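*Asks:* Got a structure here, written out as C-alpha cells. Questions coming.
What follows is calculated from the coordinates using simple rules that are stated; it is not laboratory data. Not measured: the values here are computed from a predicted model. Reconstructed Cβ throughout: ideal geometry from the backbone, glycine too, with neighbour counts over all protein chains shown.
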Amino acid sequence: MIRVLVVEDSPVIREFLVRLLSADPQISVIGTANNGEEALQAVTNWRPDVITMDIHMPRMNGIEATRQIMETYPTPIVIVSGSQDPKEVETTFHAMEAGALAILERPMGQGHPHHLATVRELVQTVKLMSEVKVVRRWRHTPRLTLACPIAPEMNLRKATENIRLVAVGGSTGGPPVIQTILSDLSKDFPVPILIVQHMAAGFIPGFVEWLAQQSDLSIHIATHGEQTLPGHVYIAPNGFQMKVDRGGRILLSKDEPENGHYPSVSYLFRSVVSVYGRNSVGVLLTGMGKDGAEELKLMKNEGAVTIAQDRESSVVYGMPGEAVRLGAATYVLSPERIAAALTSLVKRP
C-alpha cells in the first residue's frame, strides 16, 4: 500500500484529491495538511511514501515546504497545480529545484472531458514516484559545473563543425535535468537545440520562463516555420508534433500521438536523423516509457553522436534505460557531463 500525504490549503480541493487517490486500491491517504508547516509536522509523524504538494499556501508555501522536507526527511514530492498563468506556473518549477520530482495539472472535475485522463495521470504518477529513491538536499549546495570536465578516457569524437543540431527528449524528472544542461552551456553555443519535454497542457510557457532565468541561451517555445539559429533553444509546444526540415526550419503538425505523446521524442528524432544524419547529436533523458529510444538507435546507426542519461541521476530510468538496452547510446552520462560533452563535441566556427 502506498501511503500518501495530501498538502492543500483549499478544503474543497483537498477533499477532491483525497477522494480521487483513495479510490485506487493501492493507495492509502494517511493524512492531510493545510500549509507547509503542517506538512513538515505530518512528514515527521507519519513518514509518507509520497506527498502531493500545493504551492500557494499560508504560513509556509509549497516551495519552502519542499525544500525543508528534502533537507530533513527526503520524500518523493509531486506538485499539483491548478494555475495556468505562465508566471504562476514558472514559480512552481522552483519547487523542482528544491527537490520535487514532478509537476502535474490538478485533475479536472467530473463531467469535464479530460477528467478521467487527468485523474489517471495523477494516480499513475503517485504510484511511479513511490518507487523513486530520493536523497537529502542541502540548501545552497553548489552544483557541479563544467569545471568538472568530461572524463578523458571517454575518447569523445573529435569536435567538428559538421555537428549542425542537437535534439533532446525528456519526460518524468526532465525539467531540472534540462535546466542543468542548458545553464552549463555558453550563450555562443554554435548550433540550435530542439527539445521535446513531456508535460501537462499549460505548463510549457512557465517552463520556458523558468529556463530563461537559468541560462544564457535564448530559449523559446517553437513556432511553425521559424528558422533555427545557433545559441537558440526551441521547446516543442503542447499538442503538436515537432520536426525540422532541410532548410533548418521548424515544422509543427497535428499528426497523431506517438507512444501516447504529442509532442513525441520519437517524432523529433526521426526527423533529425532524416535531415541531419551523422551531423547531429541526440540526447535522451529521464522518463517513463520508451519514447525516443528506437529513434536514438536510428541516429546512432547513421553516425550521429547519441547520449543517454545515466541510471544514478535519472528519476525514472525508462526512456534512457530502453535506449541503453537497445545499444542506442554512444555515451551514458550524468546531466553535468552531458553539458560538458556537448561543449566538447560541437566546435565553434
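*Asks:* If contacts are Cα pairs under 8 angstrom and at least 6 residues apart, what is the relative contact order of region 224-299 in percent?
*Replies:* Contact order relative to length: 27 percent.
*Asks:* Within 10 Å of each candidate Cβ there may be at most 15 other Cβ atoms; applying that plus a DSSP loop requirement, which trypsin sites (Lys or Arg not before Pro) in region 256-330 survive?
*Replies:* 311
*Asks:* Loop only by DSSP, 13 or fewer other Cβ within 10 Å of the Cβ. Give me the trypsin sites (Lys or Arg not before Pro) in region 51-123 that pass, ordered by residue number.
*Replies:* The qualifying sites are 59.
*Asks:* Now for a separate question. Quick check: Cα centre of region 196-233 to Cα centre of region 8-72, how many Å?
*Replies:* If you average the Cα positions of each part, the centres end up 31 Å apart.
*Asks:* Here's a follow-up. With r as the distance between the Cβ atoms of residue 186 and residue 132 and R0 = 35 Å, compute the FRET efficiency 1/(1 + (r/R0)^6) and round to 0.05.
*Replies:* For residue 132 and residue 186, the calculated efficiency is 0.60.
*Asks:* Another question, then. Compute a Gaussian network model of the chain, connecting alpha carbons closer than 10 Å, and tell me which residue from 269, 203, 189 fluctuates the most.
*Replies:* Ranking 269, 203, 189 by mean-square fluctuation puts 189 first.
*Asks:* Place +1 on the Cβ of every Lys and Arg and -1 on the Cβ of every Asp and Glu in the chain, take the dipole about the Cα centre, and give the residue among 271, 260, 198 whose Cα lies farthest towards its positive end.
*Replies:* Of the options given, the answer is 271.
*Asks:* Another question, then. Taking the Cβ of residue 122 as the centre, find all other residues whose Cβ is under 11 Å away and add up their charges (Lys, Arg: +1; Asp, Glu: -1).
*Replies:* Local net charge: 0.
*Asks:* Quick check: from the Cα gyration tensor, does region 152-345 come out rounded (a/c under 1.5), prolate or oblate?
*Replies:* Here region 152-345 falls in the rounded category.
*Asks:* What FRET efficiency, computed as 1/(1 + (r/R0)^6) with R0 = 30 Å and r the Cβ-Cβ distance, is obtained for residue 213 and residue 23, rounded to the nearest 0.05?
*Replies:* Computed FRET efficiency for residue 213 and residue 23: 0.20.
*Asks:* Turning to a different aspect of this structure: Once you order the gyration tensor axes a ≥ b ≥ c over the Cα atoms, which shape class does region 2-129 get: rounded for a/c under 1.5, otherwise prolate or oblate by comparing a/b with b/c?
*Replies:* Oblate.
*Asks:* Around residue 264, under 13 Å between beta carbons, what's the net of Lys plus Arg minus Asp minus Glu among the other residues?
*Replies:* Result for the local shell: -2.
*Asks:* Projected onto the charge dipole of the chain (+1 at Lys/Arg Cβ, -1 at Asp/Glu Cβ, origin at the Cα centre), which of 130, 292, 94 gives the Cα projection farthest towards the positive end?
*Replies:* Positive-most Cα among the choices belongs to 292.
*Asks:* Which distance in nm do the two modelled labels at residue 246 and residue 220 give, with both placed 7 Å along the Cα-to-Cβ direction?
*Replies:* Result: 2.4 nm between the two label points.
*Asks:* Under 8 Å for C-alpha pairs, at least 6 residues apart: give me the relative contact order for the chain, rounded to a whole percent.
*Replies:* 14 percent
*Asks:* Using DSSP loop states and a limit of at most 14 other Cβ atoms within 10 Å to flag GluC sites (Glu not before Pro), what is the longest stretch of the chain containing no flagged site?
*Replies:* 162-311
*Asks:* Next up: Can you tell me, using C-alpha contacts under 8 Å and at least 6 residues apart, the relative contact order of region 2-129 as a whole percent?
*Replies:* Rounded, it is 22 percent for region 2-129.
*Asks:* Out of all DSSP beta bridges in the chain, what portion is antiparallel? Express it as a percent rounded to 5.
*Replies:* 10 percent
*Asks:* Another one. Report the charge-dipole magnitude of the chain in Debye, nearest 20, computed about the Cα centre from +1 at each Lys and Arg Cβ and -1 at each Asp and Glu Cβ.
*Replies:* 880 debye
*Asks:* Please work out whether the chain counts as rounded, prolate or oblate from its C-alpha gyration tensor, where a ≥ b ≥ c are the square roots of the eigenvalues and a/c under 1.5 means rounded, while otherwise a/b larger than b/c means prolate and anything else oblate?
*Replies:* prolate
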